[in-house]
Structures are given as C-alpha cells and as structure tokens.
1. Return a yes/no flag: does the stretch 63-73 have any residue that is among the charged types (D, E, K, R) and over 13 Å from the mean Cα position of the chain (by Cα).
2. Within the stretch 1-14, which residues are surrounded by 13 or more Cβ atoms within 10 Å (Cβ to Cβ) and assigned to a strand (DSSP E or B)?
3. So, in the stretch 68-81, exactly how many residues are under 15 Å from E4 (Cβ atoms) and free of Cβ contacts under 8 Å to residues at least 40 places away in the same chain?
4. Mind listing whichever residues of the stretch 20-34 are of a type in the set (S, T, N, Q), more than 17 Å from L57 (Cα to Cα) and surrounded by 14 or more Cβ atoms within 10 Å (Cβ to Cβ)?
5. Can you report the number of residues in the stretch 39-67 which are in contact (Cβ under 8 Å) with a residue 60 or more places away in the chain and touching a helix residue (DSSP H, G or I) at 6+ places or on another chain (Cβ under 7 Å)?
6. Checking H64 against (1) under 19 Å from M1 (Cα atoms); (2) out of contact with any Asp or Glu (no Cβ under 9 Å at 6 or more places or on another chain); (3) open to solvent by less than 50 Å² (accessible area, probe 1.4 Å), which single condition isn't satisfied?
Amino acid sequence: MLLEVRLFAMLREAGQADRIQVRLEAGSSVAALRTAIAREFPALAPHLSTSRVAANLQFVADDHLLAEGQEVALIPPVSGG
C-alpha cells in the first residue's frame, strides 16, 4: 500500500517537504511505518522516536495497523507556555 504522510513543524524542514509517500505491505503497523521512513528519508530518522503518528486525526500507538487511504501525519513534540 502507498501512504501519504503529512509532516509538520521541524519535520517539514528536515524532510524539505510537507508530505512524503511511503510504500508498505498491506496491514503494516505504525512501527513498520517509522522503520520505512527512517530507511527512505534519513534526515527524518533522528526525529522519529520523539514524534507522534496520527491516523485519521487520532494519535495512534506503534502497534496500530494502517490502511491505504488513511490520512497519516507525523507530528513532532510541541511546547508552549
């Protein structure tokens, strides 16, 4: 399956794009997505362990199974005051 992943904040800068496309086996998990992103987009690798993944506007755990057509986003940590 082909997933389009939206990038936000520093991830957008590191990846030099606001979206990336990642090809995974059908039924792959968020953990597999992180692995594929690290392999295909090395500039994003240092940020993956601290970033959250959202699928269809909900934060999801690494064991969440992804499906083609889902809206997927990679969101770095944010701070505020």
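The values are calculated or read from the model by the stated rules, or taken from the named source; none is laboratory data. These numbers were taken from a predicted model, which means no experiment stands behind them. Methodologically, a virtual Cβ is constructed for each residue, glycine included, from the backbone with ideal geometry; neighbour enumeration extends over all protein chains shown. Side chains are part of the model used for accessible areas, which takes the heavy atoms of the whole protein and leaves out ligands, DNA and RNA. Shrake-Rupley method; radii C 1.70, N 1.55, O 1.52, S 1.80 Å.
1. Within the stretch 63-73, one or more residues are among the charged types (D, E, K, R) and over 13 Å from the mean Cα position of the chain (by Cα).
2. Passing the criteria: L3, E4, V5, R6, L7.
3. So the answer is 1.
4. S28, the sole residue that qualifies.
5. Final tally of qualifying residues: 1.
6. (3)
Let's see how each residue does on (1) in contact with a Leu (Cβ under 8 Å, 6 or more places away or on another chain); (2) assigned to a helix (DSSP H, G or I):
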{"position": "A31", "(1), (2)": "no, yes"}
{"position": "I37", "(1), (2)": "yes, yes"}
{"position": "A45", "(1), (2)": "no, yes"}
{"position": "V53", "(1), (2)": "yes, no"}
{"position": "D62", "(1), (2)": "no, no"}
{"position": "G69", "(1), (2)": "no, no"}
{"position": "V78", "(1), (2)": "no, no"}
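Conditions (1) farther than 16 Å from S28 by Cβ; (2) touching a Phe, Trp or Tyr at 6+ places or on another chain (Cβ under 8 Å); (3) polar (S, T, N, Q); (4) at pLDDT 95 or above, marked per residue:
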position: A45; (1), (2), (3), (4): yes, no, no, yes
position: S49; (1), (2), (3), (4): yes, no, yes, no
position: R52; (1), (2), (3), (4): yes, yes, no, yes
position: V60; (1), (2), (3), (4): no, no, no, yes
position: L66; (1), (2), (3), (4): no, no, no, yes
position: L74; (1), (2), (3), (4): no, yes, no, yes
position: V78; (1), (2), (3), (4): yes, no, no, no
